1. Could you list the trypsin sites (Lys or Arg not before Pro) in segment 189-238 that lie in coil according to DSSP, counting only those with at most 16 other Cβ atoms within 10 Å of their Cβ?
2. Distance between the C-alpha centers of segment 291-358 and segment 7-28? Whole Å please.
3. Mind grabbing the accessible area of Tyr96 for me, 1.4 Å probe, Å², rounded to tens?
4. If you put +1 on each Lys and Arg Cβ and -1 on each Asp and Glu Cβ, how big is the dipole of segment 126-258 around its Cα centre, in Debye rounded to 20?
5. In what sequence, largest accessible area first, do Ile211, Ile59 appear using a 1.4 Å probe?
6. Keeping every protein chain present and rolling a 1.4 Å probe, give me the accessible area per residue for the chain in Å².
7. Got the relative contact order for segment 295-405 handy, in percent, Cα pairs under 8 Å and 6 or more residues apart?
8. Would you mind calculating the relative contact order of segment 139-214 from Cα pairs under 8 angstrom and at least 6 residues apart, reporting the percent as a whole number?
Amino acid sequence: MDSQWNEIPADVRDMRRRTLFSVFSPSAPVDRREVFAGRLEQLATLREVVFQRGQHAVIYGERGVGKTSLARVSRDVATAEQMFTAHVTCDGGDSYASMWTKVLSEIHFTIEGTEGGEEGSSTALAYASEMSGAIDSNTLRMVFTALGRVAPTVVFIDEFDVITSAEVRQRTAETIKMLSDQGVNVTVVLVGVAEDVTGLISAHESINRNIVQVPMPRMIVSERLDIIRTGLSTAEMSIDDSAAQRIALLSQGLPHFVHSLAQKAALAALNAGRDRVEDGDVSVAISQALDASLVTVSSAYYHAVTSNRETTLYPSVLLACALATPDDRGFFTAKALVAPLTTILGREVGIPAFGPHLNKLANERGPVLIKEGEPRRYRYRFRNPLLQPYVLMRGISDGLISFSAIEGP
Ligand SMILES: Nc1ncnc2c1ncn2[C@@H]1O[C@H](COP(=O)(O)OP(=O)(O)O)[C@@H](O)[C@H]1O
Ligand SMILES: [Mg+2]
């Protein structure tokens, strides 16, 4: 019997709805292994780093690609193995001392009852202040050495990129180097938005060999499908292949969009009395996702395309940018826009027709694009990676393109 014609009982529907809100979390990092998809290579690398005395790591990549989720899940694994762990988030105004104070206050340990001493629990911060008044590299060395006699410590320092002070970055790098050289039983993992490792830590030669790089690329299609299928099956739902492909394609490998679209499409199916998600539900999800998107993203879009003229090329040029085939670093050339723009407009266009628009998108319009290189060889990229899938969804929703215009990963 076709499930479409079976009214799903209200209580079952409510339960599924609640499940959908917990398995798909577009705005919160994943913190449970069951809903964490893929990233096996990165998990394995971090694991090796933890067991290799003197090695530390840097996790870096675009905003929204899944760095914090990887850190959280790795931390959970370490905690389950009885290691001491901490995961802190930096503030722009953090000093060296305030950052490490957060780290130490997260590390709890129990004190066994000894003669004259009582059993109880304490934090590494309390221990540090007993030993010394200051939070400096020497204190850190003593604390982690003492902890290391019981178990290894793993420390994740997230959003390290927001720290603007060169002094704090420098001192942190020196501390990592010192902990390495002394073979202290601790692993420090810096996490942040950066294109390469030097964007996060000014890795002078001597520290390079102690720091393992963990780049976070966009998710491959199988990982995206994994998120969709795992989430839906937890909610006792399923999805048509083409609907799953559409979500995977539109997300462009950014898990935020996979979660957002999958959750909205599944809710649309439930509202229609179905437990299987279809193409039409994805269309509903797209328009809802556009309405619910981050203000930073939607306002960047309007800023980029709005014009007083009745007919303006900006929406089409921006859409062509989102469709252009980029290089490994996400950059595309003006020439790469010719084919997609021709498809969108349904007529031949050359660079002179849209060159000025492209230039303005990289200047006064936002700028929503970053421009790099020399005259006649400029390369462009979206400044905010989340804008690209947004533009694709707008293009679909406004009827400027169909799904077949979007290239695979
Ligand atoms: N491996 C994963 N499996 C499932 N969802 C993920 C995974 N990694 C990230 N996400 C989801 O993607 C979004 C962004 O993840 P987050 O870890 O906050 O990224 P970042 O720290 O790089 O900005 C969140 O909604 C999170 O739930
Ligand atoms: Mg993060």
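The values are calculated or read from the model by the stated rules, or taken from the named source; none is laboratory data. Only a predicted model underlies this, so the values are computations on that prediction, with no experimental measurement involved. In this analysis, Cβ positions are derived from the backbone assuming ideal geometry, glycine residues included, and neighbour counts consider all displayed protein chains. Accessible surface areas use protein heavy atoms only, side chains included; no ligands, DNA or RNA. Shrake-Rupley method; radii C 1.70, N 1.55, O 1.52, S 1.80 Å.
1. In loop regions of segment 189-238 (DSSP not H, G, I, E or B), the sparsely surrounded trypsin sites (Lys or Arg not before Pro) are Arg209.
2. Measuring centre to centre over Cα atoms gives 37 Å.
3. Using a 1.4 Å probe on the heavy atoms, I get roughly 10 Å².
4. 240
5. Largest to smallest exposure gives the sequence Ile211, Ile59.
6. In whole numbers, the chain has 48 Å² accessible per residue.
7. Dividing the mean separation by the residue count of segment 295-405 yields 31 percent.
8. Once normalised by length, the contact order is 40 percent.
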